[in-house]
Each structure stands twice: as structure tokens, then as C-alpha cells.
Amino acid sequence: MKKLFSIVFIAAFAITNAQETANRFFYELTFKPKQDSAKIEKVITILDITDKNRSVYQDYTIIAQDSIMKIEIEAMQKAGIMKDLSKSIKQPKISARVYKAYPSMKIQFVEKIASGFTPANIGYSEDAKFNWKILNDKQKIGEYNTQKATTEFGGRKWTAWFSSDIPFQDGPYKFSGLPGLIVKIEDADKNYSWVLQGNKKVNNYTEFSYIEELMQAKGGKVNELPRDKFEKKFNEFKKDPFATVRPMMTQEMMSKSIPGMDGTIGDMMKKQEKQYKDFFNATDNSIEPSYGKVNVGELEKVGKESDKK
């Protein structure tokens, strides 16, 4: 009986601690960050479709540097010497994460803000209503056989090419609902264009980068808000990223030097504040308009996503 109990216990432990795996799809995003400029930016983004009934879409820039950062940080730990790594880290161009819960495809849109010295996640949930028109046009894009579809979303007209050979009704950003994975999608004015570049299987999956894990900067549980309140709170953060930190800092703390880095804590805060503002001011050509300008019927607000794991 004891032996049977031990076997059941071990099996239960193995199940509860089973690692998540994911199919990772790499999309090159080409976009115009500024409405009044012809400048084009490119960044690799990823759509991770996991074995736990969800997908996660985000910028790949920081995650792509995980192995390099791990080597650098382990070298610092071994030597016992701090080093400013901010100059060697390539910064992302997209800050949000977009989650979809399977099979409902309900969306959770999440941004990270500061809450005092602690990163915090805020977000909103919605049901995106994509009225796809599937056409007979077919095209080979890279190695993928695709078919054409069109829709309107966020005040833009979109053309998508999907592949029924890849059995996921998903795509980059919030897009989903076609009978196959979206291989390419762009709006009529080519402000935003995603093209699938490849995929791989990821074992021991985590949506967070090595740096986020190490610095305990994952942000914790998402504080879900109605979309208008989410946008208000996030806009306040963009205007003053250190509003919640500043009252906690004394002059003595601000004047302290940081081992291994040039300058004081105050200097570091000024530098980081500038980086935040430069990042947020780099674009005014968002994929969607603000919530108050979204066409009625395109989006349906939903309650807190209970099946997001």
C-alpha cells in the first residue's frame, strides 16, 4: 500500500511540475513608427503557441540576447565585479505582450509599468471580432502554401495570407480566426507588415527572458482594467515613468554611487527615464487607435480571462 501511495505521489508531482513546451513562430515585423515620416523599422517578433492552451506574442529582441547576457552575468558573479550592461543590450521596439486563450481566442493585452521599485503588469481583455473574407487567390510565400483573406480591424484594411498546412488558427499580434496559421499580414497602406520567417520547438518554455527571471522583473499577476482605464494609466506612465519611484528617493540615496558603474543612483535614474521617454516617443503610429476611436462592433470587452494559465 505504501509503495502504491509513493508511485501515485511521484506521478502527481511529475504532472504538476511538467514543463511547458511551445511551437515558436518567428515573424519579421516591418512598420512605420511615425505617421509623418517614411522611416521604416524592422524587428523580429515571436508567436509562441504552447501546449497549455494559449499563445503569447511579443518582441524577440531581449530573449534573443539571453545566452550572451547569461555568460556576461555569470562572469560578473564569478569575478565579483559589477559591470554596466545597459550599453551592450539591444533594446526592444515593442513593449506589449499579447496573450490568446485557446480555443476561445479571447485576448489579454499586457504592458509593464513601474509600481515604486517593483515592475507591475497592467492589461485589458477583449474579444476581437475578425470578419474574414476568404478569397480564392493562392501564393507561395517562402516554403509555405498560402491563401488570401481580407478583413478590417482597428480602422485599417488588412490582407492576410494563411496556410492550412499549419494547423493553428492564430497569427501575430491580435490576429486569429483563419483556418490555418497566418504567414503574412499587412494593412493597405503598409504601415504594418508581418511575414513568417521560420519556426522551432521550444522545450522548458517560459515567456520571460533570462534577465526578467534573474531580476525578478516579470511583473507578477496582471492587474486587469477596462480598456479606457488601462490606456489612461499607461499614458500616465509614459509621461512620467518614475512618478511612483521619485517620492521614495531621498537626496542621500540619489547621491550614492553604483559599484562598477559611472555615476550615482540619481544619474542612473535620469538615464533610464530618458530611455523610457525616447522609447515611447519613437512612435505615434499605433496599430490601433485609442479605445474611444475604435469602431463600434469591432471589439467586445470581456471579463477577466479565467483560462489564461
Inset, instruction - First compute the accessible area of the stretch 240-279 with a 1.4 Å probe, then give the percent of it belonging to carbon and sulfur atoms. - result: 58
Legend entry - Kirkwood-type radius of the stretch 137-241, with distances r between different C-alpha atoms, in Å: 16.8
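Among Leu178, Leu214, Leu135, what's the order by accessible area (1.4 angstrom probe), most exposed first? Display every interim value, and only then the final one.
Working: Leu178 0, Leu214 75, Leu135 45 Å².
Correct descending sequence by accessible area is Leu214, Leu135, Leu178.
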Legend entry - Heavy atoms of Val110 accessible to a 1.4 Å probe, total area in Å² rounded to 10: 10
Legend entry - HN-Hα J in Hz across the stretch 157-167 - Karplus 6.51, -1.76, 1.60, θ = phi - 60°, x for Gly and Pro: 9, 10, 10, 10, 10, 10, 10, 6, 6, 10, x
Inset, instruction - In Å and from the alpha-carbon atoms only, list the Rg and Dmax of the stretch 240-279. - result: 10.5, 29
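With r defined as the distance between the Cβ atoms of Ser286 and Ala243 and R0 fixed at 22 Å, what FRET efficiency is calculated, to the nearest 0.05? Could the numbers behind the result be given before it?
On the way: r = 22 Å, r/R0 = 1.02.
That pair, Ser286 with Ala243, gives E of 0.50.
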Inset, instruction - Find how many whole Å separate the alpha carbon centroid of the stretch 106-148 from the alpha carbon centroid of the stretch 167-217. - result: 8
Legend entry - Per-residue ³J(HN,Hα) for the stretch 212-228, Karplus 6.51 cos²θ - 1.76 cosθ + 1.60, θ = phi - 60°, Hz, x for Gly and Pro: 4, 5, 5, 8, 6, 10, 6, x, x, 4, 6, 8, 7, 10, x, 4, 5
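The values are calculated or read from the model by the stated rules, or taken from the named source; none is laboratory data. The structure presented is a predicted model; accordingly, all values stated were derived computationally and were not measured. Neighbour counts are summed over all protein chains in view; Cβ atoms, including those assigned to glycine, are modelled from backbone coordinates with ideal geometry. Ligands, DNA and RNA are stripped out before the accessible areas are found, and what is left, the full protein with its side chains, is counted by its heavy atoms. Shrake-Rupley method; radii C 1.70, N 1.55, O 1.52, S 1.80 Å.
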